[in-house]
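Shown next, in structure tokens, is the structure this report addresses.
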Amino acid sequence: MGGVRLGIIGDPVAHSLSPKMHQAAMRQLGISGEYLLLPTPATELARRLEEVRAGFNGVNVTVPHKRAVMPLLDEVEDRARAIGAVNTIVNRGGVLLGYNTDAPGFYRALESAGFLTGEALVLGAGGAARAIVYELVSRGWLVGVANRTFARAEQLAAELGAWAVAPDKISKAVSKTPLLINATSAGLGDPDQAPLPEGALPADGAVVDIVYGPRRTKLLRQAAAAGLATMDGLEMLLQQGALAFELWSGGPAPLAAMRRALEEG
Ligand code: NAP
């Protein structure tokens, strides 16, 4: 098998939409190659990276290895280091370079929706929330963080230059924000689960949910019913993939073909 070799390292990875998206990109550009699922338990991570070094042009990294992979790489860009997570590895002649494209991918998604409000309330304090808060703060936004476990919101906010919303202030902060971002996993795999109590929505703002399975989460359905502008998680998935593809290929990613592949599921 000749051509470009790409893949995704995680555990599990069987559900990943990345192969479809990147295979569509290669097809569209006439690049011969493959994008493989590389299921990797934690005990196999170091061995897997040597396999990548020896035979892959690049890989994506997903749950649960985005942080664990960092000390195994030769270089990690500043953004990924500050976030504490690498989701894209580029192999430059045997040197493994780590990047985070979730964060700028999220920002590109906001740009594509026109949601550049300069101020946002992020729900969640896990890996995805970290990437989003980092990116927004580094672009000068004012960012509030609310989380089920308040101590995690406090820690993330203090580390990244955001402010933590106390539990008794969340509903007021939600109603006042121009941009509400769900970066929790509430709603993932459950169309009836939401990160906030019924009716808690911005009075006059946009709502983004980065969950993409299902796309129309309960939060987004409620927001749309209230007349608010919404964006689901597929655009972030697309844009982080497009940025990874650009790092690997050195050229622009064929966004329309990649979006189509994701929409087909
Ligand atoms: P994570 O590190 O496990 O963090 C999960 C977060 O969700 C924590 O803040 C947790 O709160 C909160 N949470 C979980 N269940 C909740 C519930 N029922 N109600 C309220 N809060 C809840 O996960 P992650 O890696 O950040 O991922 C979060 C979500 O983002 C996942 O659904 C993932 O699929 C999605 N994601 C999407 C993209 C994309 O490209 N669209 C990219 C990355 C991630 P506690 O701290 O209290 O536990």
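Here are a few things to note about the model shown:
- Any hit, segment 189-200, residues being among the small types (Gly, Ala, Ser), away from the ligand (no atom under 14 Å from the Cβ) and out of contact with any helix residue (DSSP H, G or I) (no Cβ under 6 Å at 6 or more places or on another chain): yes
- Residues in segment 136-173 that are of a type outside the set (D, E, K, R) and part of a helix (DSSP H, G or I): 15 in all.
- Filter result (assigned to a loop (DSSP other than H, G, I, E, B) and in contact with an Asp or Glu (Cβ under 9 Å, 6 or more places away or on another chain)) within segment 123-133: ALA125
- The single residue among ALA223, ALA194 that is among the small types (Gly, Ala, Ser), under 13 Å from VAL174 (Cα atoms) and assigned by TED's automatic domain parsing to the domain that holds ILE132 turns out to be ALA223.
- Restricting the first member to segment 194-215 and to residues that are among the hydroxyl-bearing types (Ser, Thr, Tyr), and the second to residues that are at pLDDT 95 or above, the beta-carbon pairs closer than 7 Å and six or more apart or on different chains are TYR212/ASP232; TYR212/GLY233; TYR212/LEU234; TYR212/LEU237.
- Segment 25-41, subset open to solvent by less than 20 Å² (accessible area, probe 1.4 Å) and part of a strand (DSSP E or B), residue nearest to the ligand (Cβ to nearest atom): TYR35
- Selection status of GLU235, open to solvent by 20 Å² or more (accessible area, probe 1.4 Å), within 16 Å of the ligand (Cβ to nearest atom) and not in a loop (DSSP other than H, G, I, E, B): yes
- Spans of helices (runs of 4 or more DSSP H) in segment 42-122 with at least 2 residues under 14 Å from the mean Cα position of the chain (by Cα): 78-83, 102-113
- Scanning segment 91-101 for residues that are closer than 18 Å to GLN240 by Cβ and surrounded by fewer than 19 Cβ atoms within 10 Å (Cβ to Cβ) yields one hit, LEU97.
- The one condition in (1) among the polar types (S, T, N, Q); (2) more than 17 Å from the chain's Cα centre (by Cα); (3) open to solvent by less than 20 Å² (accessible area, probe 1.4 Å); (4) within 9 Å of the ligand (Cβ to nearest atom) that THR177 fails to fulfil: (4)
- Top-ranked residue of segment 75-90 - restricted to ones that are in contact with a Phe, Trp or Tyr (Cβ under 9 Å, 6 or more places away or on another chain) and free of Cβ contacts under 8 Å to residues at least 24 places away in the same chain, ranked as surrounded by the fewest Cβ atoms within 10 Å (Cβ to Cβ): GLU77
- Cβ pairs under 6 Å, 6+ apart, first in segment 127-141 and over 15 Å from LYS66 (Cβ atoms) and more than 15 Å from the ligand (Cβ to nearest atom), second at pLDDT 95 or above and not hydrophobic (A, V, I, L, M, F, W, C): VAL137/GLY161; TRP141/GLY118
- So ALA225, is it open to solvent by 10 Å² or more (accessible area, probe 1.4 Å) and within 16 Å of the ligand (Cβ to nearest atom): no
- Taking the numbered list (1) out of contact with any Asp or Glu (no Cβ under 8 Å at 6 or more places or on another chain); (2) open to solvent by less than 30 Å² (accessible area, probe 1.4 Å) in turn, HIS65 passes all entries but (1).
- Some residue of segment 246-263 being on the phi > 0 side of the Ramachandran plot and assigned by TED's automatic domain parsing to the domain that holds SER16: yes
The values are calculated or read from the model by the stated rules, or taken from the named source; none is laboratory data. A quick note: this is a predicted structure, and the numbers were derived from the prediction, not measured. Positions of Cβ are backbone-derived with ideal geometry, glycine not excepted, and every protein chain shown enters the neighbour counts. The accessibility values were calculated without ligands, DNA or RNA, using every heavy atom of the protein model including side chains. Shrake-Rupley method; radii C 1.70, N 1.55, O 1.52, S 1.80 Å.
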